[in-house]
Every structure is written in C-alpha cells, then in structure tokens.
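Data first, discussion second: the structure below is written as structure tokens.
The values are calculated or read from the model by the stated rules, or taken from the named source; none is laboratory data. The structure presented is a predicted model; accordingly, all values stated were derived computationally and were not measured. Every residue, glycine among them, receives a Cβ derived from its backbone with ideal geometry; neighbour counts consider all protein chains shown.
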Amino acid sequence: MTDAFNAPKGEQISASPEQLSAVAFNKDGLVPAISQCRTTGRVLMMAWMTKESLAQTFAEGRMVYWSRSRNELWRKGDTSGDAQFVREAYYDCDGDTLLFIVDQEGDGACHTGEYSCFFNTFGDAKIEE
C-alpha cells in the first residue's frame with residue numbers, strides 16, 4: 001500500500017521502444033541529461049545517465065543519474081534531500097542529449113548548496129533568482 005509520504009511526486013514516463021532506441025549512448029554507455037526547473041526555467045544541472053538510470057527515472061518519476069566518480073546509480077536527493085521530480089522528458093534531434101523538466105525539492109540542485117550548478121558567470125552576466 002502506498003501512503004501519501006511514499007507516493008510518487010513525479011510523472012512516470014511511458015517511452016516507446018522507438019523513442020528509447022533513439023537515445024544515443026556514448027562509448028561508455030552514458031548520455032548527458034540536463035535538468036531544468038519547471039517553475040523558473042533555470043537550467044539546474046547536467047549529469048550522466050545509463051540505460052538503467054533512464055529506465056528507473058521513467059519508472060519512478062524521480063531523477064536517477066549515474067555517478068562516474070562512485071561508479072553507481074545515484075537518486076538525486078537521497079543524501080542531500082534536494083530531489084528532482086520529473087514533469088516532462090525530451091531528447092534532442094541527435095538523441096545524444098536528454099532534457100528533463102523537473103520540480104526541484106529542497107534548497108537546490110548543486111552539491112555546493114547553490115540553486116543551480118550554473119552559477120559561475122563569464123564577464124558581467126548577472127543571474128536573476
């Protein structure tokens with residue numbers, strides 16, 4: 001039985017076999033995945049996915065990435081509490097980059113504590129919060 005606390009907060013995605021076969025994983029079996037905040041439009045982060053992490057993301061409605069440094073699956077927020085819940089999923093024209101529109105829970109996406117991993121600017125650019 002699923003209670004309100006354990007209920008999925010994201011959208012489960014039903015990707016067709018044709019859509020899944022369009023994803024172009026690199027020689028290491030990875031594809032870059034960008035997460036973008038649904039409410040602000042800000043790009044939150046880029047991380048890597050494997051076929052398994054992509055399948056789990058679609059099944060759970062929660063972002064699951066592949067940690068290259070730890071060589072393991074990584075559910076965003078398991079240790080930080082800053083989880084990402086899927087609202088929409090896209091792949092680009094070449095199938096070699098994924099884009100997820102997410103609801104960000106917690107303080108932010110970046111392991112540094114910033115809202116977005118993209119907080120460093122070139123020149124005089126200013127980031128609007």
| message | Whether any residue in the stretch 46-67 is charged (D, E, K, R) and over 26 Å from residue 14 (Cβ atoms) is what I want to check. | response | no
| query | Only one residue in 23, 43 is in contact with a Gly (Cβ under 8 Å, 6 or more places away or on another chain), of a type in the set (A, V, I, L, M, F, W, C) and at pLDDT 95 or above. Which one? | reply | 23
| request: Would you be able to tell me the number of residues in the stretch 74-129 that are in a loop (DSSP other than H, G, I, E, B) and of a type in the set (A, V, I, L, M, F, W, C)? | output: 10
| Out of all the residues in the stretch 64-92, which are under 15 Å from residue 30 (Cβ atoms) and either surrounded by 18 or more Cβ atoms within 10 Å (Cβ to Cβ) or touching a residue at least 60 places away in the same chain (Cβ under 8 Å) (or both)? | 64, 65, 66, 74, 91
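A quick yes/no check of all residues on (1) loosely packed, with under 12 Cβ neighbours inside 10 Å; (2) of a type outside the set (S, T, N, Q); (3) within 15 Å of residue 86 (Cβ to Cβ):
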position	(1), (2), (3)
14	yes, no, yes
27	yes, yes, no
40	no, no, no
50	no, no, no
| Which numbered condition trips up residue 48, out of (1) aromatic (Phe, Trp, Tyr); (2) under 10 Å from the mean Cα position of the chain (by Cα); (3) within 28 Å of residue 126 (Cβ to Cβ)? | (3)
| message | Against the condition at negative phi, of a type outside the set (D, E, K, R) and outside any loop (DSSP other than H, G, I, E, B), how does residue 12 come out, does it pass? | response | no
| field | Options 35, 53; residue that is touching a Leu at 6+ places or on another chain (Cβ under 9 Å), at pLDDT 95 or above and in a strand (DSSP E or B) | value | 35
| request: For the stretch 88-107, state whether one or more residues are polar (S, T, N, Q) and farther than 30 Å from residue 121 by Cα. | output: no
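Does the stretch 57-73 hold any residues that are part of a strand (DSSP E or B) and out of contact with any Gly (no Cβ under 8 Å at 6 or more places or on another chain), and which are they? Let's see the steps before the verdict.
Of the stretch 57-73, the ones part of a strand (DSSP E or B) are 62, 64-67, 72-73.
Those that are part of a strand (DSSP E or B) and out of contact with any Gly (no Cβ under 8 Å at 6 or more places or on another chain): 64, 65, 66, 67, 72, 73.
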